[in-house]
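J.: This is the structure, below, for whatever I ask next.
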Amino acid sequence: MKAILLAGGQGSRLRPLTLNTPKPIVPIFDRPFLRYQIELLKQVPEIDEIILSLNYQPRRIEEVFADGADLGVTIRYVVEPQPLGTGGAIKFAAGSAPTGPVVVFNGDVLTSVDLPAVIALHRERQARATIVLTPVDNPSAYGLVETDGQQNIKAFLEKPSADQITCDTINAGIYVIEGETLDRIPVDTNYSIERGYFPSLIAQQETFVAYTYRGYWIDIGTREKYQQVHHDIMSGRFPAPPFEGLAGQAVVSPDARIDDGVTIEGPCFIDAGAVIKTGARIGANSVIGAHCHIGEGAVVNGAILWPHTWVDKHAHLGPLVAGRHCQFGRNVEVGGAALLGDKSIITDYSRV
Ligand code: GDD
Ligand code: MG
């Protein structure tokens with residue numbers, strides 16, 4: 001069985017972080033986001049090939065995962081000539097005349113859904129398509145999905161307006177679909193699976209089934225959600241590496257150099273090659289990327305710093321997010337609202 005990961009979006013809501021780093025590989029602690037999805041797919045031994053459907057900065061993603069051997073999987077890359085939308089991308093990646101079930105994931109969702117159980121339901125119901133649903137407080141940013149009492153999908157409405165919200169279950173971005181059903185998607189055309197294919201299954205009364213999952217699920221597509229994922233893994237709300245069995249603690253790489261007289265408050269993460277100078281304080285929920293430098297007396301209070309960022313003496317950083325190779329000068333004060341792209345420079349004594 002093949003799995004297709006839709007990883008071609010531009011990640012526009014995560015700009016500027018995604019200008020040089022496509023969303024599927026934005027770092028979560030010390031690993032590219034998609035690694036969590038690949039680990040989830042490994043729950044299904046039948047999946048013998050993972051196809052990454054790419055469009056935006058494909059080479060960056062290929063460099064990270066190569067042929068998948070390091071992760072114990074087989075990865076193939078399919079790069080669209082132009083963005084084909086979610087449906088067009090699946091059609092393109094699946095190749096000509098696909099048959100049998102294909103697993104599809106939106107490349108920006110993190111969850112611990114029981115994937116074998118989803119596939120089992122799909123088979124038991126002999127469904128043409130099965131999608132995972134999850135309840136959320138506000139469905140307006142998602143695909144709203146209505147079901148009857150028997151897990152049959154009755155309506156699919158992408159990005160509903162306030163007056164169209166009739167339930168709290170949304171499309172979690174995880175599907176099992178029969179290859180044959182892709183025949184309704186035109187080739188080499190921009191086509192939305194959410195606005196075209198799913199409504200068409202309903203209109204044609206095909207067996208279209210929901211697997212409702214009430215455990216952990218998040219779409220990392222916005223800055224708030226990106227930070228939330230880190231908090232959830234650190235607190236143990238979503239048990240996952242590098243905090244598995246270490247929830248609430250300070251996870252410090254043995255290859256970080258921490259001077260005497262540094263205060264570290266858990267939960268936080270300090271990656272390999274980081275240097276923390278004396279008198280610095282690393283507050284709860286901070287993530288210090290590989291090879292970052294935190295100067296004497298500096299305070300990092302809940303910031304997420306990507307690798308190679310330099311924080312000079314007595315700087316104070318709130319719960320901001322900063323890309324690679326940023327520089328925070330001496331005595332700067334930067335509040336938590338800041339979202340800084342790679343190589344940002346905040347000069348000495350600035351207040352942001
Ligand atoms: N290859 C390829 N080509 N991938 C694409 C393209 C494209 O043209 N457009 C989007 N994608 C990928 C994105 O990279 C992302 O992984 C996934 O498809 C979904 O796109 P988003 O832009 O993140 O959509 P969304 O979050 O607004 O909504 C989707 O996800 C929600 C769940 O998080 C929809 O599927 C909603 O129905 C769903 O509720
Ligand atoms: Mg998304």
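None of the figures in this text is laboratory data; all of them are computed from the coordinates on show. Since the structure is predicted, the reported quantities are computational estimates derived from the model, not experimental observations. Here Cβ is always computed from backbone atoms with ideal geometry, including for glycine, and neighbour counts include all displayed protein chains.
J.: Quick one: net charge of Arg330's neighbours, Cβ under 9 Å, K/R +1, D/E -1?
T.: Values: positive: Lys313; negative: Asp312, Asp348.
Overall, the nearby charge balance is -1.
J.: Determine the sum of side-chain charges near Phe65: Lys and Arg each +1, Asp and Glu each -1, restricted to other residues whose C-beta is under 14 angstrom from that of Phe65.
T.: Values: positive: Arg31, Arg35, Lys42, Arg59, Arg60, Arg76; negative: Glu39, Glu49, Glu62, Glu63, Asp67, Asp70.
Value of the local net charge: 0.
J.: I want to check the label-to-label distance for Gln82 and Ala141. Put each point 7 Å from Cα in the C-beta direction and report it in nm to one decimal.
T.: Spacing of the two 7 Å Cα→Cβ label points: 2.9 nm.
J.: Post the alpha-carbon centroid distance, the range 269-328 to the range 84-132, in whole angstrom.
T.: Value for the Cα centre distance between the two parts: 40 Å.
J.: In degrees from 0 to 90, rounded to the nearest 10, what is the angle of the helix 115-124 Cα long axis to the longest principal axis of the chain?
T.: Computed tilt is about 10 degrees.
J.: Also, I was wondering about something else. Go ahead and set up a Gaussian network model of the chain, Cα springs under 10 Å, then flag whichever of Cys167, Cys326, Cys292 fluctuates most.
T.: In the Gaussian network model the winner is Cys167.
J.: Separate question: Return the FRET efficiency for the residue pair Ala69, Gln204: r is the Cβ-Cβ distance, R0 is 35 Å, and the value is rounded to the nearest 0.05. Intermediate results must be reported in sequence, preceding the final value.
T.: Numbers: r = 42 Å, r/R0 = 1.19.
Plugging the Cβ-Cβ distance into 1/(1 + (r/R0)^6) gives 0.25.
J.: Same structure again: If the cut-off is 17 Å between C-alpha atoms, which lysines fall inside it for Lys277, apart from same-chain ones fewer than 8 positions away?
T.: Qualifying lysines at Cα under 17 Å: Lys313.
J.: Find, to one decimal place in angstroms, the Kirkwood hydrodynamic radius of the chain, where the mean of 1/r is taken over every pair of different Cα atoms and then inverted. Write out the running numbers ahead of the final one.
T.: Values: mean 1/r = 0.0468 Å⁻¹.
Its Kirkwood hydrodynamic radius stands at 21.4 Å.
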